[in-house]
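Every number in this text was worked out from the coordinates using simple rules, so none of it is lab data. Since we're looking at a predicted model, the values are computed, not measured. Cβ: placed from backbone, ideal geometry, glycine included. Neighbour counts: every protein chain shown.
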Amino acid sequence: MKGEISCNIVQDLLPNYIEKLTSNESNQEIEHHMSACEDCKKTYEQMNSEIRSTVKVPVKELKFLKKVRITRKLAALFTIILALILSYMLYETEFKYTNDKNVLAAGITDFLPEYSIKPYMLEIKEIDNILIASFKDQTRTNVNGEAIFTKGFNRKYRIISTVITEDFKVQENTGNSIISDIVKENLNMIYMSMWVVIELGIILMIFFLTSC
């Protein structure tokens, strides 16, 4: 460096000088300046004392912290996988019926335990992943109905709702009748959706905690 350097330049170079990052020529200029400048010399001594007194994290502690972070991430990954497995198992309990008349009939019976229906499947048709199954009761000729199923990504179906029609003759010798419709909706999907939302919240919370 040629010419006398100013105090501002010297003080800007002091951190690198203390860390031994400056060149030999720069070191000579800095030391020459401090030999004649009391202010820069005091600044150097103060800065050197602060830098040297900084406590460095031991290597063992760094390794321990690294292991803790890895353990937390593995625990989070395990929790997420477990949550996904439980979600799929819950999903399978809802979407469990195949497109088979006997299986669908059993599903309708399970869905309507209070009506003791033994369905005989009349017609099955599927439109846009919605399966409509019409049936009649094997033991009561005046009872028939319709069940609606929806298809899941596992290619199986869950029952959404049923409509049961009971045709009661008002008079034995007339064609007049009273039609009574009984509608039942499947609300399990609502609780299932709530469970999925809760699981997503847990996963996001775990992700946030492990990323800190």
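How fast does the range 1-155 diffuse by Stokes-Einstein, in µm²/s, taking the Kirkwood radius from C-alpha pairs at 4 °C and 1.567 mPa s? So the translational diffusion coefficient is about 55 µm²/s.
Using DSSP to call loops (not H, G, I, E or B), can you name the chymotrypsin sites (Phe, Trp or Tyr not before Pro) in the range 109-152 whose Cβ has at most 14 other Cβ atoms within 10 angstrom?
On the way: sites: 111, 115, 120, 135, 149; in loops: none.
Counting only loop positions with at most 14 other Cβ atoms within 10 Å, none of the chymotrypsin sites (Phe, Trp or Tyr not before Pro) in the range 109-152 qualifies.
Principal axis extents of the C-alpha atoms in the range 110-168 (largest first, rounded to whole Å): 39, 21, 14. The phi-based Karplus calculation (6.51 cos²θ - 1.76 cosθ + 1.60; θ = phi - 60°) puts the 3J(HN,Hα) values of the range 16-30 at 5, 5, 5, 7, 6, 10, 8, 6, 4, 5, 5, 4, 5, 5, 5 Hz, whole numbers, x for Gly and Pro.
The H on the amide N of residue 160, modeled in the peptide plane, is under 5 Å from the matching H of 148, 149, 150, each at least 5 residues off or on a different chain.
Panel values: the range 54-143, Kirkwood radius from alpha carbon pairs, Stokes-Einstein at 37 °C and 0.692 mPa s, translational diffusion coefficient 182 µm²/s.
Under a no-solvent Debye model with one identical scatterer per Cα of the range 64-115, what's log10 I(q)/I(0) at q = 0.16, 0.22, 0.24, 0.25 Å⁻¹? Here log10 of I(q) over I(0) equals -0.64, -0.84, -0.89, -0.91. Karplus-derived 3J(HN,Hα) values for the range 127-132, using 6.51 cos²θ - 1.76 cosθ + 1.60 with θ = phi - 60°, are 9, 6, 6, 10, 9, 10 Hz; glycine and proline are entered as x.
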